[in-house]
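Please treat every number below as a calculation from the coordinates, not as lab data. Given the structure is predicted, the values throughout are model-derived calculations rather than measurements. Every residue, glycine among them, receives a Cβ derived from its backbone with ideal geometry; neighbour counts consider all protein chains shown.
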Amino acid sequence: MRRRTFLAASAAGLAAPAVSRAQDSRVLRFIPQADLTVLDPMWTTAYVTRNHAFMVYDTLFGQDSQYRPSPQMLEGFTTEDGGKTWTLTLRPGLLFHDNEPVRARDCVASLQRWGKRDAFGGALMAATDELVARDDRTLVFRLKKPFPLLPAALAKTPLFMPAIMPERIARTDPFTQVTEMVGSGPFRFKADERVPGARVVYEKFGAYKPREGGPTDWTSGPKVVHFDRVEWTTIPDPTTAAQALINGEQDWWDYATADLMGLLARSRGVKVVVQEPSGQIAILRMNHLQPPFNNPAIRRALLGAMSQEDVMAAVVGTDPKMSRTGVGFFCPDTPMASGVGLDVLAGPRDMAKVKRDLKAAGYSNERVVLLAATDFPVLKAMADVVADMLKQAGMNVDYQATDWGSVVARRGKKDPVDAGGWSAFCTAWAGTDHLNPSGHLSLRTNGEQAWFGWPSDPKIEQLRDAWFNAPDVPAQAALCADIQREAFQSLPYIPMGQYLQPTAYRSSLEGVLNGFALFWNVRRA
């Protein structure tokens, strides 16, 4: 029975989710895209952790919906020495959730930790000769060479946000998870109310000082909170999540699934919108350290099997307005996007040829462990298509279905598959993560320092370094075309298309911002 048919049969009576129906209008009830299993925004690229982090932490710069940086925690900044010295001044009166003041040395320690994990932050720190706290409100970057993208780096909204935390916490090794959530953002994390797998709670931080003046746009401008509490309830089953939203038991469902879109759109009191026009970019990430995908010829052979059309149809259906194919290594319709190499993804798929190419490349029936997230519908749909594709290509597929939190934990293992390792998994990145090489984490190819999968391609790294020094946008775009040409040879991942991800919320909510799930500015009408 199709989900929408089952859900529409109200006489059958779906069970309500095991959540209490809050009567207080000052409580916002939210269904996250997946369970929040990791709290530290420096430790995972999971978007559910990013959304959590923007509630708890603040950043020195914010970013508007046109991707322009502007001071957020900062009162202002100055540049000297031809752009080689940047002096940043904090706004007065900023407090952490433990009521300690935010000091410049907290910012220095936080940025140093961030720079060891984030691609953009690493580029900034590589250009930095010294980062110091001049006094409690002033921090100074002394650069080896001008880095005009410094505000953009400190404002980044995609993954590995430059979260400001107390120095004592920021001194934690960046490859060790921070579990004590003390930020200076608009919400406190209620550790005492967290129920793993089911519930996360935040309360308004009364001492938070929103920035004054200007519009609230994405993560820039005043972050004014209108709810005393925000309660996240994990509901893995999409039909149950949709029912809870339609019945008013929940206020907001982060990632509404494609097959329930029509039902939600027709439901009284529910609004369905696309928050981020750059959408999501689906990718197949392979383990470059272990057979069989440590062989670039085997990775390339699979390009002949990849059907972006099939993946997108499984994720969002056949509505052409909701997805796009012919997608390369940069977000379509943005300055760095290129058509270089895309012909390999076009035309009919010839599985007999793929089988021959795999054999010629040296594939000898090695087990391919494909990780699938059962509680993340779009990722599960991708994994199902990829599993079928690999089997048709003649690969020995071991499809291992677990929850998303387990996938997040396991993908960090570099061991062989016989020792609990993995071969491939599917995921998706916001289009904003693929705008250019600065923050394009899945396109980093610095070996065992790279993102999970650990590809190594010195040529891509050299081209990336050259991109930061390019004199203008046309020069940057030419370098990105070269990066894409090389990426289709070494294949750090296989792009699987772009889709729009709708969110759904009660029409009684107003002020929901574009971009992703942000909890300031939103109020109940």
Compactness of the chain - radius of gyration and Dmax, Cα, Å: 23.0, 73
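Determine the shape class of segment 280-499: with a ≥ b ≥ c the square roots of the Cα gyration tensor eigenvalues, call it rounded for a/c under 1.5, and otherwise prolate if a/b is greater than b/c, oblate otherwise.
In terms of gyration-tensor shape, rounded.
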Test item: Cα-centred dipole of the chain, Lys/Arg +1 and Asp/Glu -1 on Cβ, debye: 480 debye
Overall form of segment 113-174 per C-alpha gyration tensor (a/c, 1.5; a/b vs b/c): oblate
Compactness of segment 47-178, expressed as Rg and Dmax over alpha-carbon positions, Å: 13.7, 41
Euclidean distance of C-alpha centroids, segment 204-281 and segment 479-525, integer Å: 14 Å
Cα centroid separation, segment 177-195 to segment 345-410 (Å): 37 Å
Pairs from 353/413; 84/223; 271/321; 156/190; 204/413; 190/414 whose Cα-Cα separation, in the structure shown, is over 28 Å: 353/413; 84/223; 204/413; 190/414
